[in-house]
Structures are given as C-alpha cells and as structure tokens.
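Undergrad: Sending over a structure as structure tokens; questions will come in a sec.
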Amino acid sequence: MSVRAVLTLTTALTGVVVGASPAVADPVGTTAAAAPLATAFDTAAARYDVPRDLLVALGYAESRLDLHGGAPSAAGGYGLMHLASNPEVRTLDEAVTLTRLSPAALRTEPTANVLGAAAVLRSYADQAGLTAAARDDVNGWHAPLARYGGAHDPSVARLYADSVYDLLRTGFAGSGEAVAGRPVAPRRGGLERAGGVGTLSTDYGPAAWAPASTSNYTVASRPGSHQVNRIVIHTAQGSYSGTVGWFQNPAAQASAHYTFRSSDGAVTQSVREKDIAWHAGNWTYNTQSIGIEHEGYVDNAAWLTDAMYRASAALTRSLATKYGIPKDRAHIIGHNEVPGATHTDPGPNWNWTYYLQLVNGVTGVGSGTVSTSASTLNVRSGPGAGYPVVGSVADGATVAVYCQAVGSTVSGPYGTTAVWNRIGTNRYVSDAYVLTGYDGYIPNVPRC
C-alpha cells in the first residue's frame, strides 16, 4: 500500500492527518470486523518492535482483551490495553503524541488502542536504553512494563510487571488469542529489591499490605469511633495490580480496604480496617462499612473465578465474625445498593446466592467422573443445552464440581435430571453425564 493510501485510510478512520514518518502508527483496518485482534497485535508488534506475546499478555492482564464498550476504568484507562488519562498516568496522551492518532480512536478502536500501547512501551524501552537485540528478549521488558502501570510504590510497580510475566509463564487463551506458557526470567533491575507487595497485613493474615495514599482515606479508630455494620462488595473496573496502584495515587480520591485477584484469589489490603476507606460514595456507609474490591469489569463474567469467590467469601466470613455483622444480604451488599449510588457494581454477573453460601460455610467442592457414549462431552457456558459450547471434557475424566444449578432437563447414563454441575468459570456439564456418588445434589456443595 502506498503512503498516500495509508494516509487516506488513516484520515478516514480517525479524522487525523498523519505524517509519513516510519515511527507514526496508522491503524489500517482499525474496526474489529475488518481486523481481528490477531492482526492488531501483529501490526503493533512489528511496527514498534515489541514482543507480540508480551503485548497480548499485557492486554489480557488489563482487560481480558475486552474494549468494554469504550467505557473508562476507575483509573481513567481505555480499551483492551488500558491507555490511561488521569492526573498521574498519561499513557493515552503519550500515545496521541507518539502515533498522532486522535484520542477518540485510541480509546475506542481496537487496532489503534493496541498500536498506542506498543508505541508507549517502545518509547519507554528506548528511554531505558534497550537496544534492538535487547528488545527481542521478552525478559528485558520488565522496566517498561512497570512504568506503563504507573504505580507509585516500587513493590506495586513490580507486581504490575510481574503479573504480565506470570501470564507468559502459565499461558492463557481468550478472545481468539492463545499464548502458550514458557519459562521466563524477567530482569527486574532496581525493582528486584522491591520484593513482593509490602508486608503481610496485621488485620487479615492472608492479605499483603500496600497502603493507599493518605489523600484517599480518613484516619479513624473503628469500631470505637464508628460501628462497623456492613460489608460492601465492589467490582474494580480494572486489574488487580492497577487497582492497588490506583489507591496509592493521590489523585484517585478513592480507596477500598481490600482488593482480590481473579486468577488465584490473592488479596491485598490498602486501608486498615480501623480507618475509613472512600469506596461507597456515601459518607455514612463509608464510616460504617468495609469495602472489598474484586478485579474485573461488571460486563465480563470471565473475571469471576471460583478462586476469587472463595477467597473473598473467606474474608467476608472473617469480618462478619469479627464485627458481629449478620451474614445476610441486608448487611453484605453491593455498591449499587448504597443509597445515592451511581455505580452498578458488582454487576449482574455477580452470583449472590453462591457468594452468601460460601460466606455461611457451604464451601465444599465435589467431584465426579464423566461418562458419555462419545469420546468427549460438551461443556457449556451456562446450565442448559441452549447455552453455547465453550469446550469439552474427555470420557472418563475426573472433574471438580464447584456448585450446582437448575437448568434444562437432560437424559444421560445417570438418569434424567435438570441439575447442572459447574466445573469451572462459566463451564457447565449436565449431572446426567457425571458419576458423583449422589443422586442429584452433592452435600455441602453450593447451589450456583
């Protein structure tokens, strides 16, 4: 394609006239329909000499490769690559300068968003002195990644970059992208001495401690100064490390006591329980509650893993016992239920029935053996034959049963039943095809 053709297409897509410099990005085929994410990552990686899998892992860590309809995160980050525009982190503004694309395109167009992130990462790599040979080694990008996250605290900056390398190590798949796991050994430079996130919490043993900025909460002496009588559940509208880092940003003017990670249920505390976090948007509720954030977005159920549900419920159960809070929906509420709330979190995908069962100690995990006349059994996204097929399990495989739901009636080797077993996040199989040792419901396994 000629330079003139590229300029014409870019102008049509973004309304921006782009110069012909080779360092300038032009999102050819920007719309998702014309260019799938694979092409977006291919183009950005080649143009800015950033390892492709590193770019994909960054997008997956930030958004599960979801644009979220162009809506910003809580930290003012846009798109699947979370290009941010807030008083402390300006990766979106940097992308505008580097690519000469419009802010609107960078916020909402998938290809432009990926190109913008790659341009910013490359600029950070250049400033860090990465040569062409060094850029080819994925392990040399830890410092640019940490800077991209914008965290103030070195330990949180390391956490942000490490989360990307953790994905490269384990592998992942989503939105048509799949990255195989591989050995990684990131060169952390000065952040090697930062260690993990802070020290352990003195309030809740499993939690790490990464204190929020003193500009984002009110010092108090609860429960002496204020009774603690509620727990408010939030969805962060952002990533785990990004949320922890945002609470350390003085410009945030927001905080929560705890934040949970989707992948494994890890938890970080940002505000002591005695102090008043600014999380509910209602001063009375702030003074009388504990705020718990959960990594993810309200419109994407993929973030709501069993590991996060169970870890969060364990904390809520502990808090309820400590402060004498009834373990019911009148006292364990969503942010959207706070009087005057303008937020919708934790959102329609949050499973309150399951969560309250876990909080009240119905925490068992069942197991069963799949039996089917075919070589594999379809796994569906919900409890019914009408839900999309999202995978399969082999005949004879052993599966974990995290909870059970009522769905469409199915006949199989173990009778006719409407019970469906959740064997993973948004992964269901009919109980008619699973030998669990029980007829229908498994004792102590929650209802989904």
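Undergrad: Six or more apart or on different chains, Cβ atoms under 8 Å: show the pairs whose first residue is in region 73-86 and more than 11 Å from Ala112 (Cα to Cα) and whose second is surrounded by fewer than 24 Cβ atoms within 10 Å (Cβ to Cβ) and among the basic types (Lys, Arg).
TA: Once the first residue is more than 11 Å from Ala112 (Cα to Cα) and sits in region 73-86, its partners that are surrounded by fewer than 24 Cβ atoms within 10 Å (Cβ to Cβ) and among the basic types (Lys, Arg) give Tyr78/Arg107; Ala84/Arg90.
Undergrad: Something else now. Can you tell me which condition Val338 does not meet? The list is (1) among the hydrophobic types (A, V, I, L, M, F, W, C); (2) modelled with pLDDT of 95 or more; (3) open to solvent by 30 Å² or more (accessible area, probe 1.4 Å), and all the others hold.
TA: (3)
Undergrad: When you look at Ala105, is it open to solvent by less than 20 Å² (accessible area, probe 1.4 Å), more than 20 Å from Gly238 (Cα to Cα), of a type outside the set (Val, Ile, Thr) and more than 21 Å from the chain's Cα centre (by Cα), yes or no? I'd like the intermediate steps shown before the answer.
TA: On the way: open to solvent by less than 20 Å² (accessible area, probe 1.4 Å): yes; more than 20 Å from Gly238 (Cα to Cα): yes; of a type outside the set (Val, Ile, Thr): yes; more than 21 Å from the chain's Cα centre (by Cα): yes.
Judged against the criteria, Ala105 is a match.
Undergrad: While we're looking at this one, here's another question. Within region 220-267, work out how many residues are open to solvent by less than 20 Å² (accessible area, probe 1.4 Å) and in a helix (DSSP H, G or I).
TA: Residues flagged as open to solvent by less than 20 Å² (accessible area, probe 1.4 Å) and in a helix (DSSP H, G or I) within region 220-267 amount to 6.
Undergrad: Of all residues being out of contact with any strand residue (DSSP E or B) (no Cβ under 7 Å at 6 or more places or on another chain) and not in a strand (DSSP E or B) in region 398-425, which is least open to solvent (accessible area, probe 1.4 Å)? Just the residue, please.
TA: So, considering only residues that are out of contact with any strand residue (DSSP E or B) (no Cβ under 7 Å at 6 or more places or on another chain) and not in a strand (DSSP E or B), the one least open to solvent (accessible area, probe 1.4 Å) is Thr425.
Undergrad: Name the one entry in Pro206, Pro186, Pro211, Pro223 that is closer than 30 Å to Leu67 by Cβ and touching a residue at least 12 places away in the same chain (Cβ under 8 Å).
TA: Working: Pro206 fails: closer than 30 Å to Leu67 by Cβ; Pro211 fails: closer than 30 Å to Leu67 by Cβ; Pro223 fails: closer than 30 Å to Leu67 by Cβ.
When all the criteria are applied, what remains is Pro186.
Undergrad: For region 426-436, name all the residues that are β-branched (Val, Ile, Thr) and in a strand (DSSP E or B). Walk me through it before giving the result.
TA: Within region 426-436, the subset β-branched (Val, Ile, Thr) is 429, 434, 436.
Within region 426-436, Val429, Val434 qualify.
Undergrad: Filter region 74-85 for residues that are over 18 Å from Ala44 (Cα atoms) and open to solvent by 10 Å² or more (accessible area, probe 1.4 Å) and give the result.
TA: Ala74, Ala75, Gly76, Ser85
Undergrad: Assuming Ala151 fulfils every condition listed in (1) assigned to a loop (DSSP other than H, G, I, E, B); (2) over 20 Å from the mean Cα position of the chain (by Cα) apart from one, which condition is it?
TA: (2)
Undergrad: Continuing with this model, one more query. Identify all residues within region 200-219 that are surrounded by fewer than 17 Cβ atoms within 10 Å (Cβ to Cβ) and of a type in the set (A, V, I, L, M); write none if there are none.
TA: Leu200, Val219
Undergrad: Do we find that Arg310 is charged (D, E, K, R) and either part of a loop (DSSP other than H, G, I, E, B) or surrounded by 21 or more Cβ atoms within 10 Å (Cβ to Cβ) (or both) in this structure?
TA: Numbers: charged (D, E, K, R): yes; either part of a loop (DSSP other than H, G, I, E, B) or surrounded by 21 or more Cβ atoms within 10 Å (Cβ to Cβ) (or both): no.
So Arg310 fails the test.
Undergrad: When region 353-387 is examined, which residues are found to be within 23 Å of the chain's Cα centre (by Cα) and more than 23 Å from Tyr414 (Cβ to Cβ)?
TA: Thr353, Tyr354, Tyr355, Leu356, Leu358, Val359 - these are the residues of region 353-387 that are within 23 Å of the chain's Cα centre (by Cα) and more than 23 Å from Tyr414 (Cβ to Cβ).
Undergrad: Taking only region 69-91 into account, find how many residues are in contact with a helix residue (DSSP H, G or I) (Cβ under 6 Å, 6 or more places away or on another chain) and assigned to a helix (DSSP H, G or I).
TA: Step one: of region 69-91, the residues in contact with a helix residue (DSSP H, G or I) (Cβ under 6 Å, 6 or more places away or on another chain) are 70, 75, 78-85, 91.
Then drop every residue that is not assigned to a helix (DSSP H, G or I), which leaves 70, 91.
Number satisfying all stated conditions: 2.
Every residue, every condition in (1) part of a loop (DSSP other than H, G, I, E, B); (2) modelled with pLDDT of 95 or more; (3) over 18 Å from Ala236 (Cβ atoms), yes or no:
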| position | (1), (2), (3) |
| --- | --- |
| Ala320 | no, yes, yes |
| Asp328 | yes, yes, yes |
| Ile333 | no, yes, no |
| Pro346 | yes, yes, no |
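Undergrad: Sort through Thr321, Thr243, Thr259, Thr284 and tell me the only one that's farther than 20 Å from Leu358 by Cβ and either free of Cβ contacts under 8 Å to residues at least 60 places away in the same chain or among the aliphatic types (A, V, I, L, M) (or both).
TA: Working: Thr321 fails: farther than 20 Å from Leu358 by Cβ; Thr243 fails: either free of Cβ contacts under 8 Å to residues at least 60 places away in the same chain or among the aliphatic types (A, V, I, L, M) (or both); Thr259 fails: farther than 20 Å from Leu358 by Cβ.
Only one candidate qualifies: Thr284.
The values are calculated or read from the model by the stated rules, or taken from the named source; none is laboratory data. Here the structure is a predicted model, which means the values were calculated and not measured. Cβ coordinates were reconstructed from backbone atoms using ideal geometry, including for glycine residues, and neighbour counts include every protein chain displayed. Side chains included, ligands, DNA and RNA excluded: accessible areas come from the protein's heavy atoms. Shrake-Rupley method; radii C 1.70, N 1.55, O 1.52, S 1.80 Å.
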